[in-house]
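The values are calculated or read from the model by the stated rules, or taken from the named source; none is laboratory data. Source: prediction; values computed, not measured. Neighbour counts run over all protein chains shown; Cβ positions are idealised from the backbone, glycine included. Note: accessible area is taken over every heavy atom of the protein model, side chains too, but ligands, DNA and RNA are not part of it. Shrake-Rupley method; radii C 1.70, N 1.55, O 1.52, S 1.80 Å.
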Amino acid sequence: MVGKVLRRLKSDIRYHNRVEHIEVLPPQEPVYQKIEDLPDNLMNYLHKRGIKLYRHQCRTLESLRKGKNVIITTPTASGKTLAFNLPVFETLSADEDATALYIYPAKALANDQLKTLQELEKECNIHINPNIYDGDTDRSKKPWIRENSRIVLTNPYELHLVLSWHFQWEKFFKNLKYVVIDEAHQYRGVFGSNVAFLIRRLRRICSFYGSNPQFVLSSATLANPEEFSSKLTGKTFELVSEDGSPCGKKHFILYNPYFKGKTKTSSHQETKNLLLLFVLNDLQTLCFTVSRKMAELVALWSKNEMEEIQPDLTGKITSYRAGYLAKERRRIELGLKNGILKGVTTTNALELGINIGSLDGVIISGFPGTIMSTWQQAGRAGRGTDESIVVLVAFENSLDQYLMKHPASIFDKPHEHAIIDLHNPKIVSGHLMCASDEMPLRDGDIAMFGEDSEGCIETLQNKGMVKRKSEGWVYSGDKVAAFSVSLDSISSDMFRVMFAGRLLEVLDREQAYREAHEGAVLINRGETYLVQSFNLQKRIITVVKRDVAHHTQVVRDIDVEILGESVRKNMGDFSIFFGDLEVSEYYHKYKVMSYDKVLATKQLDIPALKFKTKGLWFTIDDAVKEDLESAVEGKDVFEGGIHGVEHALISMIPFNIMCDRFDMGGLSTPKHPGTGMATIFIYDAFEGGMGLAEKASELFEEIMMRTFELVRDCRCDVGCPACIYSPKCGNDNKPLDKKGTLFILQTIMDMMQKK
């Protein structure tokens with residue numbers, strides 16, 4: 001059936017013009033390896049299941065036997081779970097007191113893994129009592145788990161709180177041999193940086209109880225696995241990346257509804273058409289969408305159309321997302337696994353390693369933000385040796401369109417770096433506060449939290465949050481420190497959104513300014529609310545539920561002050577700078593909009609949002625401006641050109657660095673007071689910085705090359721969302737000039753290539 005669908009895509013007028021590229025990934029034969037001296041119970045388990053170990057599974061076991069920490073980066077469905085379960089069970093079989101901690105980013109993954117562990121326990125006849133310990137665990141069961149479970153499965157949020165009560169876990173931590181961090185690539189950016197310090201707190205407590213566990217990380221493919229794993233845990237790692245598992249032939253199609261710069265149908269409608277094509281040709285298909293709303297809509301459209309075409313298949317299509325009851329999610333997962341369901345639309349909730357069996361096809365509606373996620377989602381198709389098909393449907397934005405024109409960017413070696421920042425003072429301070437609450441912080445302990453920790457301790461002391469005592473630094477706050485530190489954000493300046501007297505959600509200050517100012521239309525779980533009041537002093541936002549036909553978009557101005565230059569990087573005749581910045585954002589008005597039409601503009605009266613961060617910047621010489629204005633006609637051609645360069649650069653940074661374009665801020669100005677010249681700034685949109693702009697400065701030449709290719713290869717004439725328009729522009733994408741942008745980019749490229 002895969003062949004039939006391929007022929008249709010290549011020949012049918014409705015599809016073939018939209019097929020930008022087809023990459024055929026050849027099948028791979030398994031590479032097995034034998035392992036010596038496995039315990040009899042594990043050998044019997046493998047023999048009974050007919051399991052032959054792959055090379056990467058054996059390498060993992062061998063490295064862990066030597067006392068090393070291991071990061072495994074083989075593809076989805078390559079048997080990574082067995083790779084770390086085998087050494088854990090080997091150790092727990094030999095030592096009846098030994099324990100292991102499994103950390104998962106999602107509860108569904110822990111539930112899925114628990115079943116596997118229970119089967120292993122039963123068939124290997126070893127008493128481990130694996131259990132999940134999280135916010136859903138019955139309180140009456142928790143003491144028994146702490147005392148009797150030798151494998152505990154949890155998530156970072158629960159571990160964050162557990163460490164405050166570590167004395168209740170003395171037996172478990174004293175005997176801890178392994179810490180397994182599955183789906184480790186999820187721990188990046190703000191969340192990952194917080195988890196990195198959480199792991200250091202865990203290691204400190206283990207040391208207190210006399211244990212020194214080995215770490216096993218399971219991750220998708222990264223460009224910097226050793227650097228990433230070291231920053232996440234503070235340990236050195238051995239990389240296992242050579243995949244020994246088999247796979248069938250896979251046809252990977254890049255599908256572009258905007259193949260001529262415009263289309264009569266949306267990407268979402270094209271996604272629905274492809275899903276129907278696959279299901280009607282008996283291909284069991286998983287369709288990834290960019291939001292919960294689109295997962296529901298694509299399923300609804302498909303079911304309605306299928307009712308007219310082939311009614312007996314209507315009930316075999318459904319949606320799946322977080323927010324469904326656990327019982328309903330299990331029913332859908334089982335329906336996929338046993339083949340009853342033929343088409344399921346989902347968010348990235350099914351991207352992670354939940355067991356749903358083999359699939360014939362995957363449709364990825366919109367680039368999911370990283371190449372890594374693209375391969376994670378594509379890996380859901382073709383488990384085993386079956387032939388499969390994957391289609392990536394492009395949106396109109398710049399990154400999607402770049403990938404359509406440069407397929408090698410997807411199929412070459414990994415380009416993306418997962419960033420963990422160990423220098424943000426707010427994050428460091430928060431975890432030092434938590435650590436001093438868990439047990440006194442001695443001078444030797446502080447070094448574990450990085451080179452900035454001593455200054456952060458002094459700041460905490462000045463604020464009265466820690467005190468120096470004979471046994472070390474001790475927390476002096478009035479509530480458990482972990483309750484004051486969020487793993488998902490940096491700012492402690494949080495706003496509560498209240499609806500009918502109950503808490504609807506919590507936003508940090510920037511989110512509140514951007515999304516929940518007075519008069520804003522706020523969307524929560526698909527429902528629309530209107531902001532009635534914005535109390536800045538009490539940090540309370542009051543909303544009412546309203547069905548409205550409009551949305552709101554805030555308008556802001558930005559100023560950037562250079563506080564200090566720490567790095568200058570010379571590339572030929574071109575230089576970039578990296579250092580400390582202070583950003584001031586002025587939210588002075590908002591637009592009431594219906595689709596792209598502005599219905600009204602209203603004023604806002606809220607104080608400027610100021611924060612210190614890290615960023616890179618570079619200047620454009622006056623001679624470039626003169627050359628550009630001589631070569632290209634048009635009003636604001638230079639201002640529109642540097643503005644376009646800023647937008648295009650920010651849009652391409654996520655290609656090399658795992659982040660969202662909203663994690664980066666930018667400013668272009670024809671004359672900056674700090675440089676006296678036209679200047680473009682790219683900075684981390686987080687107080688204290690997050691290491692993103694720093695990594696971008698290191699990879700600047702590659703990012704600049706891709707940015708130039710993006711603008712050069714776009715088919716539009718004057719600029720569009722596929723090249724220089726930005727959905728987050730506070731100046732309504734004005735002025736922008738594509739010819740000016742391309743001229744400046746070409747000039748920079750020429751300067752960089754000069755010796």
**Message:** Looking at Ser164, Ser193, Ser149, Ser140 in this structure, which one is touching a strand residue (DSSP E or B) at 6+ places or on another chain (Cβ under 7 Å) and among the hydroxyl-bearing types (Ser, Thr, Tyr)?
**Reply:** Ser149
**Asked** What pairs come up if the first residue lies in the stretch 363-385 and is more than 21 Å from Arg292 (Cβ to Cβ), the second is of a type in the set (Gly, Ala, Ser) and open to solvent by 10 Å² or more (accessible area, probe 1.4 Å), and their beta carbons are under 7 Å apart, counting only those six or more places apart or on different chains?
**Response** Gly379/Ala77; Arg383/Ala77; Arg383/Ser358; Gly384/Ser358
**Given (1) without any contact (Cβ under 8 Å) to a residue 60 or more places away in the chain; (2) more than 17 Å from Asp97 (Cβ to Cβ); (3) charged (D, E, K, R); (4) open to solvent by less than 70 Å² (accessible area, probe 1.4 Å), index of the condition Glu183 fails** = (1)
**Asked** Within the stretch 157-276, which helices (runs of 4 or more DSSP H) (wholly inside it) include 3 or more residues that are modelled with pLDDT of 95 or more and among the aliphatic types (A, V, I, L, M)?
**Response** 189-208
**Prompt:** Would a scan of the stretch 163-177 turn up a residue that is open to solvent by less than 10 Å² (accessible area, probe 1.4 Å), of a type in the set (A, V, I, L, M, F, W, C), under 30 Å from Phe662 (Cα atoms) and in contact with a helix residue (DSSP H, G or I) (Cβ under 9 Å, 6 or more places away or on another chain)?
**Reply:** no
**Prompt:** Only one of Leu176, Leu198 is farther than 23 Å from Gly379 by Cβ and in contact with a Ser or Thr (Cβ under 6 Å, 6 or more places away or on another chain); which?
**Reply:** Leu176
**Asked** So Thr552 clears everything in (1) more than 24 Å from Pro727 (Cα to Cα); (2) under 28 Å from the mean Cα position of the chain (by Cα); (3) not acidic (Asp, Glu) except one condition, right? Which one?
**Response** (1)
**Request:** Starting from the stretch 734-755, keep only residues that are touching a residue at least 24 places away in the same chain (Cβ under 8 Å), then list their pairs with residues that are small (Gly, Ala, Ser) and open to solvent by 60 Å² or more (accessible area, probe 1.4 Å) whose Cβ atoms are within a distance under 7 Å, requiring at least 6 positions of separation or different chains.
**Result:** Phe743/Ala631
**Message:** I need the full set of residues from the stretch 45-64 which are closer than 20 Å to Leu92 by Cα and in contact with an Asp or Glu (Cβ under 8 Å, 6 or more places away or on another chain), in order please.
**Reply:** Tyr45, Arg59, Leu61, Ser63
**Complete:** Per the filter on the stretch 432-466, residues surrounded by fewer than 17 Cβ atoms within 10 Å (Cβ to Cβ) and either in contact with a Cys (Cβ under 8 Å, 6 or more places away or on another chain) or over 23 Å from Ser207 (Cα atoms) (or both) are Gly455, Glu458, Thr459, Gln461, Asn462, Lys463, Gly464
**Message:** Yes or no: the stretch 632-639 includes at least one residue that is among the β-branched types (Val, Ile, Thr), over 35 Å from the mean Cα position of the chain (by Cα) and farther than 30 Å from Leu522 by Cβ.
**Reply:** yes
**Fill in**
The residue that is nearest to the chain's Cα centre (by Cα), considering only those in the stretch 698-729 that are more than 16 Å from His415 (Cβ to Cβ), open to solvent by less than 50 Å² (accessible area, probe 1.4 Å) and charged (D, E, K, R), is Lys728
**Asked** Going through the stretch 655-697 one residue at a time, which ones are closer than 23 Å to Ser489 by Cβ, open to solvent by less than 20 Å² (accessible area, probe 1.4 Å) and assigned to a helix (DSSP H, G or I)?
**Response** Leu692, Ala693, Ala696
**Request:** Could you please let me know if Arg525 is surrounded by fewer than 15 Cβ atoms within 10 Å (Cβ to Cβ), over 19 Å from Cys729 (Cα atoms) and modelled with pLDDT under 90?
**Result:** yes
**Item:** Val31 vs. criteria surrounded by fewer than 16 Cβ atoms within 10 Å (Cβ to Cβ), of a type in the set (A, V, I, L, M) and in contact with a Pro (Cβ under 9 Å, 6 or more places away or on another chain)
**Value:** yes
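Yes or no, residue by residue, for (1) among the basic types (Lys, Arg); (2) modelled with pLDDT of 95 or more; (3) under 15 Å from Glu510 (Cα atoms):
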position: Thr542; (1), (2), (3): no, yes, no
position: Val548; (1), (2), (3): no, no, no
position: His551; (1), (2), (3): no, no, no
position: Glu565; (1), (2), (3): no, no, no
position: His588; (1), (2), (3): no, no, yes
position: Val592; (1), (2), (3): no, no, no
position: Tyr595; (1), (2), (3): no, no, no
position: Ile606; (1), (2), (3): no, no, yes
**Item:** Options Asn131, Asn111; residue that is touching a helix residue (DSSP H, G or I) at 6+ places or on another chain (Cβ under 7 Å) and open to solvent by 10 Å² or more (accessible area, probe 1.4 Å)
**Value:** Asn131
